[in-house]
Amino acid sequence: RALKAAFSWNPGYREYFAVKATPTPAILKILKEEGCGCDCSSDTELLMSEKCGIIGENIMFSSNETPAEEYQLAHKLGAIINLDDITHIPFLEKILDGKFPETMSLRYNPGGVFQMSNGIMDNPGDAKYGMTEEQIIEAYKYLKSKGVKTFGLHAFLVSNTVSNDYYP
């Protein structure tokens, strides 16, 4: 509730809970009551979300090394599909018979090194997923030409940092 209140200035804000963190239907149902969506990375997580009544744009599907069947399930459920790599675009296009959903998201990797480091993952440039600035511009242009109208941007900049000083 405090998180939702902190972002109340942004109409339509929705927190997507990482199902893999606590794959517990009772918790997902409580989060749904609080207006949260689900961040899913596998068919099991997609199915669990669906069984809890969380479907459509209340699901963010972000995966890598993704089998065609999982992209198809995410699309069937109406999830927002987030692509971690520019090479996923032609793969998804083939799976969906050339018909992308109107809303999609892309993962951005800004590269570089942030000033703090905890030794776990504080340097975006070390991350194996995400698109460069040039790739993301190319991806947006291509997807827009294929009918995508609304875009999300996903970035994973840090893991296990407990200091706000980390964020530039």
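Could you check segment 90-99 and list, in sequence order, the residues that are open to solvent by less than 50 Å² (accessible area, probe 1.4 Å) and under 24 Å from Phe156 (Cα atoms)? So that I can check it myself, show each step before the final result.
Taking segment 90-99 first, the residues open to solvent by less than 50 Å² (accessible area, probe 1.4 Å) are 92-93, 95-96, 98.
Leu92 - this is the single residue of segment 90-99 that is open to solvent by less than 50 Å² (accessible area, probe 1.4 Å) and under 24 Å from Phe156 (Cα atoms).
Just one of Leu96, Leu46 is among the aliphatic types (A, V, I, L, M) and under 15 Å from the mean Cα position of the chain (by Cα); which is it?
Details: Leu96 fails: under 15 Å from the mean Cα position of the chain (by Cα).
Checking each option against the conditions leaves just Leu46.
A quick yes/no check of all residues on (1) buried (at least 21 other Cβ atoms within 10 Å of the Cβ); (2) on the phi > 0 side of the Ramachandran plot:
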position	(1), (2)
Ile30	no, no
Cys40	yes, no
Glu69	no, no
Gly78	no, yes
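Do any residues in segment 42-65 that are farther than 15 Å from Tyr16 by Cβ and part of a helix (DSSP H, G or I) have Cβ atoms under 6 Å from those of residues that are open to solvent by 20 Å² or more (accessible area, probe 1.4 Å) and charged (D, E, K, R), where the two are at least six apart or on different chains, and which pairs are they?
Close Cβ pairs (under 6 Å, with a partner that is open to solvent by 20 Å² or more (accessible area, probe 1.4 Å) and charged (D, E, K, R)) amount to Asp43/Glu70.
Looking at (1) assigned to a helix (DSSP H, G or I); (2) touching a Leu at 6+ places or on another chain (Cβ under 9 Å), find the lone condition where Ala26 falls short.
Exception for Ala26: condition (2).
Quick one: in segment 129-143, of everything that is open to solvent by less than 70 Å² (accessible area, probe 1.4 Å) and of a type outside the set (A, V, I, L, M), which residue is modelled with the highest pLDDT? Explain how you work it out, then say what you get.
First pass over segment 129-143, keeping only residues open to solvent by less than 70 Å² (accessible area, probe 1.4 Å): 129-132, 135-136, 139-140, 143.
Okay, now just the ones that are also of a type outside the set (A, V, I, L, M), so 129-130, 132, 135, 140.
Numbers: Tyr129: 75, Gly130: 86, Thr132: 90, Gln135: 94, Tyr140: 97.
Here the residue is Tyr140.
Here is a check on your reading of the model: is Thr87 modelled with pLDDT under 95 and crowded, with 20+ Cβ neighbours inside 10 Å?
Spelling it out, it is not the case that Thr87 is modelled with pLDDT under 95 and crowded, with 20+ Cβ neighbours inside 10 Å.
Do any residues in segment 12-24 that are open to solvent by 70 Å² or more (accessible area, probe 1.4 Å) have Cβ atoms under 7 Å from those of residues that are small (Gly, Ala, Ser), where the two are at least six apart or on different chains, and which pairs are they?
Within 7 Å, the pairs are Arg14/Gly35; Arg14/Gly37; Lys20/Ser41.
Of the residues in segment 37-72, how many are of a type outside the set (Asp, Glu) and either at pLDDT below 95 or closer than 20 Å to Arg107 by Cα (or both)?
Count: 19.
So which residues in segment 90-128 are in a loop (DSSP other than H, G, I, E, B), at negative phi and modelled with pLDDT of 75 or more? Give the steps one after another, and end with the answer.
Taking segment 90-128 and keeping what is in a loop (DSSP other than H, G, I, E, B), we get 96-102, 109-120, 122-123, 127-128.
With the extra rule that they be at negative phi, the set shrinks to 96, 99-102, 109-110, 113-118, 120, 122-123, 127-128.
Listed by number, the residues that qualify are Leu96, Lys99, Phe100, Pro101, Glu102, Asn109, Pro110.
The values are calculated or read from the model by the stated rules, or taken from the named source; none is laboratory data. Predicted, not measured: the structure shown is a model, and the values here were computed from it. All Cβ positions, glycine included, derive from the backbone under ideal geometry; neighbour counts span all protein chains shown. Accessible surface areas use protein heavy atoms only, side chains included; no ligands, DNA or RNA. Shrake-Rupley method; radii C 1.70, N 1.55, O 1.52, S 1.80 Å.
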